[in-house]
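Reading through the structure tokens given below for one structure.
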Amino acid sequence: QVQLVEAGGGLVQAGGSLTLSCTASGRFFSIDVMGWYRRAPGNQRELVASVARQGGTTNYVDSVKGRFTISRDNAKNTVYLQMSSLKPEDTAVYYCNAHIAPTRWEQTNYYWGQGTQVTVSS
């Protein structure tokens, strides 16, 4: 069974930095796109950043461009989100997402991590 395990959330002051990580474990054939979403209280979940398998193609929501960097280590089945110049409005639960093919013959499914809280104090 595929699992995504996140780490790295916490409390930080505005202007500070945090790095989130998410590792896929279990039995699967391949991982395609990996990304991070977040949900702030009262808001819908939004895509923060995503990265293609080869790591060359990344996408960011406008509000984090220039402050967040997404990367991945395919050998470790891990995706990272480096967050700097954090603002109170970045406070949210951050969820890892991965498009994973369980076997060579199956299409990719969407898998989610359990979520990790990021709180930025002013």
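The values are calculated or read from the model by the stated rules, or taken from the named source; none is laboratory data. Keep in mind that this is a model prediction, so the values were computed, not measured. No Cβ is skipped: glycine too gets one built from the backbone with ideal geometry, and neighbour counts run over all protein chains shown. Quick note on the areas: whole protein, heavy atoms, side chains included, nothing else; ligands and nucleic acids left out. Shrake-Rupley method; radii C 1.70, N 1.55, O 1.52, S 1.80 Å.
Brief remarks follow.
- Pairs of alpha carbons in the chain whose separation is greater than 24 Å (percent): 23
- The calculated FRET efficiency for Arg27 paired with Thr119, based on their beta-carbon distance and R0 = 30 Å, is about 0.30.
- Whole-number percent relative contact order across the chain, with pairs defined as alpha carbons under 8 Å at least 6 apart: 36
- Sites Leu47 and Gln3 - FRET efficiency at Förster radius 22 Å, r taken between beta-carbons, to 0.05: 0.55
- Among Gly66, Gly42, Gly26, residue whose mean-square fluctuation peaks in a GNM of the chain (springs only between Cα atoms under 10 Å): Gly42
- Subtracting the Cα-Cα distance of Trp112 and Gln82 from 0.36 nm times their residue separation leaves 8.9 nm of extension gain.
- Accessible area of the chain divided out per residue, in Å², using a probe of 1.4 angstrom: 55
- Take the Cα of Ala40, step 7 Å toward its Cβ, do the same at Ser17, and the gap between the two points is 2.3 nm.
- Centroid-to-centroid separation of the range 98-122 and the range 11-56 [C-alpha atoms, Å]: 8
- Estimated dipole of the chain in Debye, rounded to 20 [Cβ of Lys and Arg +1, of Asp and Glu -1, Cα centre]: 120
- Modelled FRET efficiency - R0 25 Å, Thr103 with Ala75, Cβ distances, 0.05 increments: 0.75
- Of the trypsin sites (Lys or Arg not before Pro) found in the range 1-105, the ones in coil according to DSSP and having at most 12 other Cβ atoms within 10 Å of their Cβ are Arg27, Lys65, Arg104.
- The chain: antiparallel DSSP beta bridges as a percent of all, rounded to 5: 90
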